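What follows is a single structure, written as C-alpha cells, with notes after it.
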Amino acid sequence: MQNRLTINDIARLCGVGKSTVSRVLNNEGNVSPQTRERVLAVIEQHNFSPSKSARAMRGFSDKIVAIIVSRLDSPSENQAVRAMLPLFYQQGYDPIVMESQFSAARVEEHLQVLKQRNIDGVVLFGFTGLEPAMLSGWQNKLVMMARAMPQFSSVCYDDAGAVRLLMNKLMQQGHQKIGFIGVSPHDTTTGQLRFEAYQAYCAEHQLTPRMALGELNYQSGFDLIAQVLLPGTDAVICASDTIALGAEKYLQQQNITGIQVCGIGNHPLLKFLFPKTFSVELGYGTGGEAAARQLLTQLGQPAPLQQIIIPGQLAD
Ligand SMILES: O=P(O)(O)OC[C@H]1O[C@H](O[C@H]2O[C@H](CO)[C@@H](O)[C@H](O)[C@H]2O)[C@H](O)[C@@H](O)[C@@H]1O
C-alpha cells in the first residue's frame with residue numbers, strides 16, 4: 001500500500017512552502033490565484049485530504065480542544081477522557097491529549113504551546129500545586145477536572161462522601177476495627193479529603209483509627225496493608241481501587257482471610273480479580289461528560305462558570 005502523502009509532500013510537489021499549502025487548504029488569503037490553482041491541482045491529482053487528527057496535530061483544524069491528563073496510565077482519568085471524546089467529535093472538535101505528570105511547570109509549557117497554536121479550549125486534570133496565576137488567560141476556555149478552583153469551571157468527585165459510604169456499609173455489617181490506606185495529604189483530594197473523612201468518621205463513632213499513607217499505586221497498597229493489620233482489624237478502606245488491588249494481592253499471597261477490603265473508583269479489574277472487594281462508583285465517566293459539555297457550552301457562548309460535583313454511590 002502506498003504511503004499516505006503528507007502536507008510536506010504536497011508542498012514539495014508544488015514547489016511552495018508548507019504554510020502556503022496550509023493557507024490553500026484553509027481557504028485563507030495571501031496566496032496568488034496561480035499558486036492556489038497549482039496547489040489545488042496537485043491536491044486533486046493525488047487525492048490528498050489531510051486526516052482530521054493529522055490536521056489537529058499540525059494545528060490546521062478549525063476547532064481543537066486539548067485534554068491535559070496527569071498520568072496517561074491512570075484508569076480513572078482514562079475513563080473520564082473516554083467519555084469526553086465522543087462529545088467533542090460530535091461538535092466537530094479534534095481533541096489532542098497531553099500529559100502533566102503532576103508537574104505545574106509542564107502544564108505551563110503545554111498551555112504556552114496551546115496558546116501559540118490558538119487552541120479553542122482545554123480540559124485540565126488539576127492537582128495540588130497548580131495555582132490560578134499559572135492558568136491566566138484561560139478563564140472561559142478551561143474546565144478543570146478533579147480539583148476545584150473558583151476562578152474556573154470544575155468537575156469534582158465527592159471524595160469525603162465516598163469514604164463515608166464505605167464506613168457506613170462496613171458498620172452496618174458489624175465491622176468496628178477498620179483500617180485506612182491513603183495517600184499523602186499533600187494531595188488535597190485523594191489524599192487529604194479522603195483521609196480527613198476517615199478520621200472524622202472514626203472520631204464521630206468512637207472507632208480507633210489505624211492508618212498508613214503512601215502513594216497512588218498498587219505497590220503502596222501491597223507494602224502498607226501490614227501496617228494497618230493490628231490485632232482485630234477486620235476491614236481496610238483504600239483511598240483508590242489501584243491501592244486496593246495491591247492490598248488484596250498482599251492478603252492473597254499471605255493467605256490472610258477475613259479482612260473486608262474496600263476501594264474507591266469501581267475499577268472493573270478489582271472486581272474481576274477480587275470479587276468480594278467493596279468499591280464506590282465515583283462517576284469518572286459522568287465527570288468526563290460533564291466537563292466536555294461545560295467546555296463546549298463555554299466555547300459556544302458567554303456562559304457562567306460552574307462548579308460541578310459528581311455524587312458517588314456504592315458499586316454493585
Ligand atoms: O489509580 P487511579 O485510577 O489513577 O486513581 C487514583 C486517583 O486518581 C485521581 O486523582 C489523582 O489525579 C487527580 C487528577 O486527575 C488529582 O487531582 C488528584 O490529586 C490525584 O490524586 C482521581 O481523581 C481519584 O478519584 C482517583 O482515586
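The values are calculated or read from the model by the stated rules, or taken from the named source; none is laboratory data. Keep in mind the model is a prediction, meaning the values are calculated, not measured. We place every Cβ from the backbone using ideal geometry, glycine too, and count neighbours over all the protein chains shown. Just so you know, the surface numbers come from the protein's heavy atoms only, side chains and all, with ligands and any DNA or RNA stripped out. Shrake-Rupley method; radii C 1.70, N 1.55, O 1.52, S 1.80 Å.
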- [ ] Hey, can you tell me all the residues within segment 272-316 that are more than 25 Å from VAL122 (Cβ to Cβ), in a helix (DSSP H, G or I) and among the aromatic types (Phe, Trp, Tyr)?
- [x] PHE272
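Residues checked against (1) within 11 Å of the ligand (Cβ to nearest atom); (2) in contact with a helix residue (DSSP H, G or I) (Cβ under 7 Å, 6 or more places away or on another chain); (3) assigned to a helix (DSSP H, G or I):
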| position | (1), (2), (3) |
| --- | --- |
| ILE68 | yes, yes, no |
| GLN79 | yes, yes, yes |
| ALA83 | no, yes, yes |
| PRO86 | no, no, yes |
| TYR89 | no, no, yes |
| GLY92 | no, no, no |
| ILE96 | no, yes, no |
| PHE102 | yes, no, no |
| VAL107 | no, yes, yes |
Open item on the list: Quick check on my filter: what residues within segment 148-169 are closer than 18 Å to PHE125 by Cβ, open to solvent by 50 Å² or more (accessible area, probe 1.4 Å) and among the hydrophobic types (A, V, I, L, M, F, W, C)?
Closed with: ALA148
TODO: Scan segment 104-126 for residues that are over 16 Å from the mean Cα position of the chain (by Cα) and open to solvent by 30 Å² or more (accessible area, probe 1.4 Å) and jot them down.
DONE: ALA105, GLU108, GLU109, GLN112, VAL113, LYS115, GLN116, ARG117, ASN118, ASP120
- [ ] Please verify whether segment 137-145 includes one or more residues that are under 18 Å from the mean Cα position of the chain (by Cα), within 11 Å of the ligand (Cβ to nearest atom) and farther than 21 Å from PRO95 by Cβ.
- [x] no
- [ ] Check segment 295-304 and report whether any residue there is over 23 Å from HIS186 (Cα atoms), outside the structural domain of THR188 (by the TED database) and in contact with a strand residue (DSSP E or B) (Cβ under 6 Å, 6 or more places away or on another chain).
- [x] yes
Open item on the list: Please go through (1) at pLDDT 95 or above; (2) over 16 Å from GLN294 (Cβ atoms); (3) part of a loop (DSSP other than H, G, I, E, B); (4) open to solvent by 20 Å² or more (accessible area, probe 1.4 Å) for GLY137 and return the number of the only condition it doesn't satisfy.
Closed with: (1)
- [ ] Looking only at segment 170-184, decide whether some residue is within 16 Å of the ligand (Cβ to nearest atom), at pLDDT 95 or above, in a helix (DSSP H, G or I) and open to solvent by less than 60 Å² (accessible area, probe 1.4 Å).
- [x] no
